[in-house]
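Below is one structure; the comments refer to it alone.
No value in this document is a laboratory result; all are computed from the given coordinates. Keep in mind it's a predicted model, so treat the numbers as computed, not measured. Cβ coordinates were reconstructed from backbone atoms using ideal geometry, including for glycine residues, and neighbour counts include every protein chain displayed.
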C-alpha cells in the first residue's frame, strides 16, 4: 500500500473540517497541531553542580507548567560557576553565575 504524502493528508484534513462545518476552527486546530509537533522535544537543563533528586523533581514540575510535558535532560557544566541554564526549542533561560557576571559587566561598561 502506498502511503499518502503529508500534503495529501493535510488537504484531506482541511476537506474534513469543511465537510463537518468546522472550517472556522482551523486556526485552533493548527495551534493544537503545533503544540503536538513540539511535545516530544527535550528540555535541556545545564547546572553548575549536580542537582538532587528533589531539585530535579521540583524543576521538572515548574517546567511542565511552563512548557508542557517534555523529556528533561540534565547535565553538569562547572564552568557556569553557579545556577543553571535551560534550553528549549529557541528559548534560552540563563540563571547562571556566569550569565549574571556577564550582564553586570555589560551594565558597568563605559559607553
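Within the stretch 1-56, the proportion of Cα pairs with more than 14 Å between them is 72 percent. Across all directions, the average projected area of the convex hull around the alpha carbons of the chain is 12.7 nm².
When the alpha carbon gyration tensor of the stretch 57-111 is reduced to an equivalent ellipsoid, the three semi-axes, largest first, read 27, 13, 9 Å.
Remark: spin-label model distance residue 79-residue 93 equals 2.3 nm, labels positioned 7 Å along the Cα→Cβ axis.
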